[in-house]
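For reference, the structure is listed below as structure tokens.
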Amino acid sequence: MTQFRRSASLTIGKPNALTAISIKDLRITFEISKVESKDPNTAKIEVFNLSEDTRKKIETEQLGDNIILYAGYLDGEGEQLLFSGDVVSVTHKIIRPNVVTTIMANDGANSLGSSKISISKNKGVSARSILQTILSTFPLPNNLKTIFLPVEKIYSNGFAFTGMSKVALTKVTEYLDLEWTIQNNEIRLTPFDGNDSTTAVLLNTKSGLLNSPSRILDDTKKAKGTSVKNKPGWKVQSLLSPKINPKGQLGISSREIPDNTIFNVHSVIHRGDTHGPEWISTIEVHDQ
């Protein structure tokens, strides 16, 4: 795997809009925090020495619009999607001789906070059809079509709900033994305590593994109103790897871990600086 010539770029603005702002060939630093929870993932992105006109557009016209960060290696697979979300705040600071623009963002929070639903269905309604209706209230894509449910569950007494769509989503996914999270502005459904069935990213010393993995002990996790033990796992570091996301799969080979042992990704923090030494992903995984 070739991992040379780091590169990062930004797009800010309404998706597919002609007025979207494209930023590249400038110094960009970032810290992207992603976790397998219902809380939005977060991003802190700094851009150095934007033009005054671009700074004004970002601050006054594009606030609240989509922001997409790509990063990778020009001598490898090129730039890849690292984060997609909504702009929360924009600030500018003079750190001579530079002007540094700091953009704070999250993925899905705007959609989660604004989507509501009122639904009432008669007895015998399919839980999957209810889930589909709830998902349609969010202006976000989802992976429902790829989810296999071994048993077609129904609501024998019917189903009724009025309120925030995210509350209804949690209620129905729990009934179906599913979990949901938002990754890169997409609602991802997975089996409870499972993964999203995407192809595992393989990590070893040749593909970017850094240092020695450290063991993570059990912790507790809420599930359907009860406390259960999370499976133990590992904390690992690698060269920046945009393909690693929570609920995905990671195959690790090291002195401590047998070759290509597959784990479920719990969380990842991507940190990078196009003009500095930092270009690292820190990942926590759980045993399958």
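Would region 131-151 turn up any residue that is of a type in the set (Lys, Arg), surrounded by fewer than 19 Cβ atoms within 10 Å (Cβ to Cβ) and over 21 Å from the mean Cα position of the chain (by Cα)?
Step one: list which residues in region 131-151 are of a type in the set (Lys, Arg), which gives 145.
Checking the rest, the ones that are also surrounded by fewer than 19 Cβ atoms within 10 Å (Cβ to Cβ) come to 145.
Still in the running and over 21 Å from the mean Cα position of the chain (by Cα): none.
No; the residues of region 131-151 include none that is of a type in the set (Lys, Arg), surrounded by fewer than 19 Cβ atoms within 10 Å (Cβ to Cβ) and over 21 Å from the mean Cα position of the chain (by Cα).
Residues that are closer than 30 Å to residue 157 by Cα and of a type in the set (A, V, I, L, M, F, W, C), at least 1 per element: which strands (runs of 3 or more DSSP E) completely within region 43-142 meet that? Walk me through how you get there before you give the answer.
Details: elements: 66-73, 78-95, 98-106, 116-121.
Result: 116-121.
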Counted residues, region 45-78 - those being modelled with pLDDT of 90 or more, exposed (fewer than 15 other Cβ atoms within 10 Å of the Cβ) and either under 24 Å from the mean Cα position of the chain (by Cα) or on the phi > 0 side of the Ramachandran plot (or both): 2
Segments classed as strands (runs of 3 or more DSSP E), wholly inside region 181-262, with at least 3 members that are modelled with pLDDT of 90 or more and among the aliphatic types (A, V, I, L, M): 201-203
Conditions (1) exposed (fewer than 14 other Cβ atoms within 10 Å of the Cβ); (2) on the phi > 0 side of the Ramachandran plot: number failed by residue 108: (1)
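The values are calculated or read from the model by the stated rules, or taken from the named source; none is laboratory data. What you are looking at is a predicted structure, and each value in this text was computed from that prediction instead of being measured. Note that we place each Cβ from the backbone using ideal geometry, even for glycine, and neighbour counts take in every protein chain shown.
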